[in-house]
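The values are calculated or read from the model by the stated rules, or taken from the named source; none is laboratory data. Everything numeric in this text was worked out from a predicted model, so none of it was measured. Cβ coordinates were reconstructed from backbone atoms using ideal geometry, including for glycine residues, and neighbour counts include every protein chain displayed.
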Amino acid sequence: MANLTIVNVDDEYPALQLVRQYCDQIEGIDLLESFQDPGTALDYLAKNRVDLVILDINMPGMNGVELLQQLPYNPLCIFLTLETQYAVRAFELDVVHYLVKPVDFDTFKKAIHKAKDLLQFKNSMHNKNEQEDFIVFKSNYIMNKVFLKDILWIQGFGEYIVLITPFKKYMILDRMSNFEEKFQNFGFIRIHKSYIVLSSHINSYDSNNVYLKGGDKLPLGRTYKSFVKEHLS
């Protein structure tokens with residue numbers, strides 16, 4: 001797997017130096033550039049795609065949230081800042097982590113590894129095609145391989161999803177919308193705001209529930225009834 005590529009943006013030079021020192025101690029990552037000026041950083045990032053940006057928030061001219069929103073693509077992001085009031089906004093932007101200065105090396109390293117795991121999972125999903133009917137992901141610090149046909153349903157919990165198979169449950173850092181978008185062509189359909197089901201496992205449905213062939217019952221959301229009817233007819 002290729003190294004995780006990183007750009008760091010912070011108007012305080014000592015903070016940039018500390019991040020570089022930390023990055024030098026972590027294998028499998030490349031800190032490509034460090035910027036004190038957010039405008040210069042935006043110009044660079046608009047022309048050069050990277051996997052992860054580490055951003056301060058309170059910077060002159062443009063804060064970290066504004067910089068992230070102006071990028072033409074969606075890299076992973078870790079906010080590293082003195083500010084605490086942007087935590088809710090950071091969650092809305094699906095950032096990997098929100099670190100409050102000063103940050104020790106172990107905490108920083110855990111955030112980087114979280115970003116690496118998320119990128120690996122997203123890449124495994126993105127690279128699937130009709131001939132590749134399985135996904136590989138990390139759950140509970142273990143790499144797992146699961147065939148798509150064995151996934152009975154997916155349940156969403158905020159920034160996490162749980163894959164339910166006849167054999168085991170897997171909790172993964174990802175959102176329902178990402179899974180739905182990438183695997184709808186494999187027969188997965190949304191039946192509720194919190195549930196996605198493999199259509200081949202559906203036995204029947206009524207106005208309130210979907211019944212699976214194995215006997216499980218899942219809720220059927222009102223806004224998804226017509227879609228389920230159309231898909232299964």
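List of remarks:
To keep it simple, each residue is scored yes or no on (1) touching a strand residue (DSSP E or B) at 6+ places or on another chain (Cβ under 7 Å); (2) small (Gly, Ala, Ser); (3) in contact (Cβ under 8 Å) with a residue 24 or more places away in the chain.
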| site | (1), (2), (3) |
| --- | --- |
| Glu27 | no, no, no |
| Thr40 | no, no, no |
| Tyr44 | yes, no, yes |
| Gly61 | no, yes, yes |
| Leu71 | no, no, yes |
| Cys77 | yes, no, yes |
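- Residue match in region 26-39 (condition: in a helix (DSSP H, G or I), modelled with pLDDT of 95 or more and of a type in the set (Phe, Trp, Tyr)): no
- Tally, over region 216-233, of residues that are part of a strand (DSSP E or B) and buried (at least 18 other Cβ atoms within 10 Å of the Cβ): 1
- Checking each residue in region 183-215 for being within 16 Å of Val162 (Cα to Cα) and not in a strand (DSSP E or B) picks out Phe183, Lys193, Ser194.
- Residue match in region 51-64 (condition: modelled with pLDDT of 95 or more, under 21 Å from Asp104 (Cα atoms), in contact with a helix residue (DSSP H, G or I) (Cβ under 8 Å, 6 or more places away or on another chain) and in a loop (DSSP other than H, G, I, E, B)): yes
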